[in-house]
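Working notes, structure below.
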Ligand SMILES: [Zn+2]
């Protein structure tokens, strides 16, 4: 129901990392026929790549997804125990168990038919004018991805205050490119599959002319796509920050009942909101006027059915998988129902589940060890800034000031969120998801205009990931990424620094990437750089863009160097400071015939062990700010003096790059 098919403001700066490695066995999965000097990624992972098939229900498979499966399996074990020994009826654990059981009850879902969604479909039917359409969209915030979506987060220039903002949305394909790149045959296939899916949704819901309905909806989406900003524009915080009062918005974007929209979304009292993409909002207001109301109602009906499909009868689920699974990601089987249920549970009751997870799988010892690693990495970053030849002492001092103000969060929140404000009902899977979404939206809307709570987390503890938030100037490492084999209490230092060390370094570096560097140590969007230093930064990052644009992930499809720039900076800088921190330790003995420095880079490369299906690769190339795995492994290492020294690269080696050509940023 609330699956986000579009980029979302909540993930504006989310620095997903996501990685795992095997523990200590440096030759396992390697390819002895490939030299590290020619291809670090394939030398370390070629054996595994050759011997591994992507499971039918996966669109990508590797160390990271295996760790995600482990996290899910651990939650399933907890949920099975709750089913065997039901907890007290009023407890969080009971709500969690009831939600999970209802999601699995496909018999009840079958029996309900369209019943659970009928009230919302009836609401759409009853809309008779433009003001009501605006009002309904406001009420659907949190439940449905509307063409102009709302969000609440820290104000870019006053980061201690939460501010409402708009964000572009409303497309059923992953990005505007899928509509607009008409000559791209892969995207044309995806468009055709989308038309088939919309037709099927229209047919299943009783529309008399399903093909005609699908064509109408596609035509609307094509017009929305023309108004969307592209992914690179959406990475520029200065362009995205456009505060407006309601009166200014009404004046600037006539044609849409903004007051009704905001009021029904629970944002009637906000004095101002930020319009992330002003031209989109102006164009959308016009589109709401130009497209007939009857067509908009068809559009919203099919979008509602699409986003609810996993909780509707089997015919809907089959159609949903054929498009969202098979056509867009290449998977040939659905994820097991229990794993879909765990994902939905994490979205609906994430911290209630997290509480159960950390009680069993996260210790104070983990936290202490991680804290020490973070301190070592921050110290290495400090000394790295002090040695930067391209940056003036003046800007260096401000960079040090920013670094000194970092907050670190490890494992799980100090204060758990209260998720108990809505009823979880047995046998009502769709209703539970809808109530959770409404509750979460109301919680969010109520924050607009109020002080930012710095103790909140943007990820649950059971998430295998990490992030940097520039407004709070914080790095956050959920419990689930801090576990073997990724963060291995028993492994040698080289492998921990090459893996989790590089993750920590990566997140620290996000504060100084193309986006993060535009915020100061207090989280304020402002320019604290001298012009000359900013020019020097832009010059070296432009070269990094060119490096990644020379890589081709699918035939004829080079990487988008600007889209992936922030993550590529974080990979490169994170690897630099993790290596610097590793070198502060005692020299290590040989293991499996490799020096500590060699093992550091092998561990880094093993983090990126992954296979991916072409359909999913296309989607990520278009929408994901991260480069594909193999390019992350080699793209950072090729610029690293430590890599070239560890493996004694020479001219003629495929990964050789002369010292003068290697890029170093932080
Ligand atoms: Zn990142």
Worksheet item: Within region 613-620, can one find any residue that is in a loop (DSSP other than H, G, I, E, B) and within 25 Å of residue 57 (Cα to Cα)?
Response: yes
Fill in: Residue tally, condition closer than 24 Å to residue 187 by Cα and more than 16 Å from the ligand (Cβ to nearest atom), over region 528-560
10
Worksheet, complete the sentence: When residue 260 is run through (1) surrounded by fewer than 21 Cβ atoms within 10 Å (Cβ to Cβ); (2) under 19 Å from residue 163 (Cβ atoms); (3) in contact (Cβ under 8 Å) with a residue 40 or more places away in the chain, the failure sits at (2)
Discussion item. It is to be established whether one or more residues within region 14-22 are modelled with pLDDT under 50, more than 16 Å from the ligand (Cβ to nearest atom) and farther than 28 Å from residue 438 by Cα.
Written reply: yes
Worksheet entry | Qualifying residue in region 435-444 (condition: within 16 Å of the ligand (Cβ to nearest atom), surrounded by 15 or more Cβ atoms within 10 Å (Cβ to Cβ) and under 20 Å from the mean Cα position of the chain (by Cα)) | no
Worksheet item: Given the conditions (1) modelled with pLDDT under 95; (2) under 30 Å from residue 453 (Cα atoms), which single one is not true for residue 139?
Response: (1)
Worksheet item: Going by the structure shown, is residue 44 surrounded by 18 or more Cβ atoms within 10 Å (Cβ to Cβ) and over 30 Å from residue 93 (Cβ atoms)?
Response: yes
Fill in: Among (1) outside any loop (DSSP other than H, G, I, E, B); (2) within 17 Å of residue 153 (Cα to Cα); (3) away from the ligand (no atom under 16 Å from the Cβ), the one test that residue 496 misses
(2)
Item to complete: Of the conditions (1) surrounded by fewer than 20 Cβ atoms within 10 Å (Cβ to Cβ); (2) at pLDDT below 95; (3) over 20 Å from residue 473 (Cβ atoms), residue 362 clears all except one; give me its number.
Response: (1)
Worksheet entry | Qualifying residue in region 571-590 (condition: more than 16 Å from the ligand (Cβ to nearest atom), touching a residue at least 40 places away in the same chain (Cβ under 8 Å), assigned to a strand (DSSP E or B) and surrounded by fewer than 21 Cβ atoms within 10 Å (Cβ to Cβ)) | no
Practice prompt. Given the conditions (1) modelled with pLDDT of 95 or more; (2) closer than 30 Å to residue 593 by Cβ, report the number of the one that residue 63 does not fulfil.
Written response: (1)
Worksheet item: Out of 308, 274, which single residue is within 24 Å of the chain's Cα centre (by Cα), crowded, with 19+ Cβ neighbours inside 10 Å and under 23 Å from residue 126 (Cβ atoms)?
Response: 308
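The values are calculated or read from the model by the stated rules, or taken from the named source; none is laboratory data. Predicted model only: the values in this text are computed from it and were never measured. Glycine also receives a Cβ, built like all others from the backbone with ideal geometry; neighbour counts cover every protein chain displayed.
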